[in-house]
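Notes to accompany the following structure.
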Amino acid sequence: MNEREWELFLAPYEQAVDELKVKLKGSRSEYELEGSHSPIEFVTGRVKPIASILDKAKRKNIDMKTLCDDMQDIAGLRMMCQFTDDIRVVVNMLRKRKDIEIVEERDYISHKKDSGYRSYHVVARYPVQTISGEKRILVEIQIRTLAMNFWATVEHSLNYKYKGNFPETIRIRLQRAAEAAFRLDEEMSLIKGEIQEAQAIFSRKTEDNDRY
Ligand code: 0O2
């Protein structure tokens, strides 16, 4: 594909990411307006860079003709949660949405990857309205805690540096760090009530200050 063809191919993916970011951030605002704990801390999204698409296609032997069906994460959203329990709430919320059709779920929390990676992946079809009609494209939504996200972000950067071939010491340290992140989530879950109470007081105080 030349530059123009890539631009055309990726346009609906850009649109899907932009639209879903607005919608999912909107859900967070709804919780805030209700004054209840938001299971969504923040939402990010990206369209996979062309170089990464080509790289992954080569690595996984994906034909460019079937790219839109065989590569599920060209459009990617991430939903970060404060607590592990929030992930289930977010997934249930996604299951109830009428604007996406879930085609697959991958639970890398109950079944962590060998690397130590933990996250919950939801693959869904999302209809994008284009001038030539509706395009139902695949989006991958990764749901994880802040601690899981910290680990994955750091590991991803190191992966880029070492191209997947980590020296043994780093591989082991990363696995240990993943377990430490998991334990951090467990510890935080044990004082979830306390934290939420404090956050509610803090946000009321901030609102009062904002009035002046
Ligand atoms: P990006 O966009 O740079 O993050 P595969 O790619 O073979 O692992 P597959 O079938 O595409 O697997 O699906 P999977 O594993 O459900 O989702 C792949 C995406 O999950 C990756 O995208 C990462 O975002 C994330 N991921 C999966 N395993 C790991 C891991 O061990 N460490 C980190 N940091 N992230 C992981 P990409 O393709 O790597 O691209």
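The values are calculated or read from the model by the stated rules, or taken from the named source; none is laboratory data. This structure is a prediction, so every number in the text was calculated from the model and none was measured. Neighbour counts are summed over all protein chains in view; Cβ atoms, including those assigned to glycine, are modelled from backbone coordinates with ideal geometry.
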Scan the range 106-124 for residues that are near the ligand (Cβ under 10 Å from one of its atoms) and farther than 30 Å from I170 by Cα and jot them down. V123
I need a count of the residues in the range 82-106 that are under 13 Å from the mean Cα position of the chain (by Cα) and among the acidic types (D, E). 1
Looking at the range 125-146 only, could you name the residues that are more than 13 Å from the ligand (Cβ to nearest atom), in contact (Cβ under 8 Å) with a residue 12 or more places away in the chain and of a type in the set (A, V, I, L, M, F, W, C)? V128, I137, L146
Going through the range 18-66 one residue at a time, which ones are within 16 Å of the ligand (Cβ to nearest atom), farther than 20 Å from W6 by Cβ and part of a strand (DSSP E or B)? V43, T44
Could you check the range 192-208 and list, in sequence order, the residues that are loosely packed, with under 11 Cβ neighbours inside 10 Å and under 17 Å from P39 (Cβ atoms)? G193
Output the residues belonging to the range 37-50 that are at pLDDT below 95 and over 18 Å from V91 (Cα atoms). none
Pull out all pairs, ordered by first then second residue, where Cβ-Cβ is under 7 Å, the residues are six or more apart or on different chains, the first lies in the range 182-209 and is closer than 27 Å to Y117 by Cα and part of a helix (DSSP H, G or I), and the second is small (G, A, S) and at pLDDT 80 or above. L184/A147; D185/A147
Suppose we filter the range 96-151 for residues that are part of a strand (DSSP E or B) and among the small types (G, A, S); how many remain? 2
